[in-house]
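So the structure is just underneath, and the comments pick up after that.
The values are calculated or read from the model by the stated rules, or taken from the named source; none is laboratory data. As the structure is a computational prediction, the values presented were derived from the model and not from experiment. Virtual Cβ from ideal backbone geometry, glycine too; neighbours counted across all protein chains shown. Quick note on the areas: whole protein, heavy atoms, side chains included, nothing else; ligands and nucleic acids left out. Shrake-Rupley method; radii C 1.70, N 1.55, O 1.52, S 1.80 Å.
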Amino acid sequence: MKYAVITAARNEAAFFAQTIQSLTSQTLLPVSWIIVDDGSTDGTTEMAQAVAQQYDWITVLHRSDRGFRQVGVGNYDALQDGLGLLANEDFDFLSIVDADITFSPAYFAELLTRFAHNPKLGIAGGAVYDVVQDQLFKVDLLPEMTGGPLKCYRRACFVEIGGLVRAPSWDAIDCYQAMMRGWQSRTFDEPALQIMHWRPTGSSQNSVYTGRLRRGEGMYFMGAHPVWVWASVLRRVFEPPFLLGSLCVLAGYYRELWRGAARINDRAFIRFVRDWQMRRLAGLLRRPL
């Protein structure tokens, strides 16, 4: 099975060498790796060019420097440019890989085995662990959701859901879109599939608190049920940055609500999301302690 990879990188020199090592050491290598240099000024560009000279399956695409990091729409635009280079490539799976993570040499061989065993599996990834001051904190995700730092799509599923959404929480929206169309989405927490995230989730622009605000905005945009929002916030009180981070999620959600911000223009999708969330929450509440 063939897979292709896209990485959007802006000023990731502190971590990118580790990601390069992880990907080029895979027991099953990709047919193509598109590195989209999103206007880096810290040496990331030179690192990308150097590895591309070593491997003929790596291509670097340079974007102009907008002058600042723009998580969400900026990342989306960079990835779309990378997707344009893959339009005529022969591959079965597409993976989006952040430039600040590490993973085992067997990662993709193991993950694609999961896809091979389950033809309805549309999106999958390993469990994400934030590395904070030399301590590991597992990012709290339901098994049906997959983390943004490293996601893998079956190409047919990616096409059917229409690709990525230019919005906060795109990495949750795609899972809902897939499930809405009969695909499955899964996170696998096994040693060979664990992902080390060297920058705390959501902290790449300004701070982790900005990231939590974006999470709340994303939950509003996708039409998440208010009960689900509160339940999600309470589940993450013990995940860094703890209570203040949870309050930021609520602030992001209710700020969008109070200002009457636009939501995704798909009522059927919002109905599916809310129905799924309430059924999932009911199932969690029925579980014995």
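Data overview
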{"read-out": "Index of the failed condition, Gly148 passing every other in (1) more than 15 Å from the chain's Cα centre (by Cα); (2) closer than 30 Å to Gln26 by Cα", "value": "(1)"}
{"read-out": "Single residue of Arg271, Arg263 found to be open to solvent by 30 Å² or more (accessible area, probe 1.4 Å) and either hydroxyl-bearing (Ser, Thr, Tyr) or part of a helix (DSSP H, G or I) (or both)", "value": "Arg271"}
{"read-out": "Identity of the residue in the stretch 248-260, open to solvent by 60 Å² or more (accessible area, probe 1.4 Å) and among the hydrophobic types (A, V, I, L, M, F, W, C), that ends up farthest from Met179 (Cα to Cα)", "value": "Trp258"}
{"read-out": "Test set (1) buried (at least 16 other Cβ atoms within 10 Å of the Cβ); (2) at pLDDT below 95; (3) out of contact with any Asp or Glu (no Cβ under 6 Å at 6 or more places or on another chain) - Met47 fails condition number", "value": "(2)"}
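So that you can scan it fast, the table gives a plain yes or no per residue for (1) open to solvent by 10 Å² or more (accessible area, probe 1.4 Å); (2) part of a loop (DSSP other than H, G, I, E, B); (3) modelled with pLDDT of 95 or more; (4) more than 14 Å from Val97 (Cα to Cα):
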{"residue": "Ile20", "(1), (2), (3), (4)": "yes, no, yes, no"}
{"residue": "Leu23", "(1), (2), (3), (4)": "no, no, yes, no"}
{"residue": "Trp33", "(1), (2), (3), (4)": "no, no, yes, no"}
{"residue": "Thr41", "(1), (2), (3), (4)": "yes, yes, no, yes"}
{"residue": "Gln53", "(1), (2), (3), (4)": "yes, no, yes, yes"}
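Quick grid of which residues meet (1) closer than 30 Å to Val132 by Cβ; (2) modelled with pLDDT under 85:
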{"position": "Val229", "(1), (2)": "yes, no"}
{"position": "Val233", "(1), (2)": "yes, no"}
{"position": "Pro241", "(1), (2)": "yes, yes"}
{"position": "Leu244", "(1), (2)": "yes, no"}
{"position": "Tyr254", "(1), (2)": "yes, no"}
{"position": "Gly260", "(1), (2)": "no, no"}
{"position": "Ile264", "(1), (2)": "no, no"}
{"position": "Arg271", "(1), (2)": "no, no"}
{"position": "Ala282", "(1), (2)": "no, no"}
